[in-house]
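Quick notes on the structure that follows.
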Amino acid sequence: MLPERLFHRPRAQPALDGLPSGFSCNWTDGGGGTAWVQPEGELDIVTAPHLDEALRAAQAAAERVVLDLRGVRFLDSSAVHPIIQASARAVLAEGRLTVIQGPPSVKRVFELTKVDEVVDIVDLPGAMPAVHALSRPA
């Protein structure tokens, strides 16, 4: 039997708005047809709808969207769905979604769910500006 600590994840305390404290998901119009989506904290069943909302808004404003997951501490399978949907919307609209890989735990979820096979994922060092994700060929 595996030790329980492998499955334990400390839960963030909810903020006043019902979202976990430390969670945010913002998007910015970068001009030139590019928008940036930057979630911070945990992406789970509670916060995934906010990711979906930010991705939809960014895609409505720009043909190219960069989703930077480097600030995500935890991601579960409920956050995979909005990312795959956003990728499919980008293909249908002849746009592009580029995901900047998060920490190893996020990478592992992508490998297990095979998201890394259907979504454009870039691995950038934490200190490298997200704009470097744009230099990858389509």
Could you check, for segment 88-102, whether at least one of its residues is buried (at least 19 other Cβ atoms within 10 Å of the Cβ), at pLDDT below 95 and part of a helix (DSSP H, G or I)? no
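Rundown of residues vs (1) among the aliphatic types (A, V, I, L, M); (2) over 17 Å from SER24 (Cα atoms), yes/no style:
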{"residue": "LEU55", "(1), (2)": "yes, no"}
{"residue": "ALA61", "(1), (2)": "yes, yes"}
{"residue": "SER77", "(1), (2)": "no, yes"}
{"residue": "ALA90", "(1), (2)": "yes, yes"}
{"residue": "GLN101", "(1), (2)": "no, yes"}
{"residue": "SER105", "(1), (2)": "no, yes"}
Give me the pairs: first residue in segment 12-34 and at pLDDT 60 or above, second residue open to solvent by less than 70 Å² (accessible area, probe 1.4 Å) and assigned to a loop (DSSP other than H, G, I, E, B), beta-carbon distance under 6 Å, and six or more apart or on different chains, which are they? PRO20/ALA12; SER21/ALA12; SER21/ALA15; GLY22/ALA12; PHE23/THR47; GLY33/ALA62; THR34/ALA62
In segment 102-123, which residues are out of contact with any helix residue (DSSP H, G or I) (no Cβ under 6 Å at 6 or more places or on another chain) and touching a residue at least 24 places away in the same chain (Cβ under 8 Å)? GLY102, PRO103, SER105, VAL106, VAL109, VAL118, ASP120
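The values are calculated or read from the model by the stated rules, or taken from the named source; none is laboratory data. Predicted model only: the values in this text are computed from it and were never measured. Quick reminder, even Gly has a Cβ in these numbers, built from the backbone with ideal geometry, and neighbours come from all protein chains shown. Just so you know, the surface numbers come from the protein's heavy atoms only, side chains and all, with ligands and any DNA or RNA stripped out. Shrake-Rupley method; radii C 1.70, N 1.55, O 1.52, S 1.80 Å.
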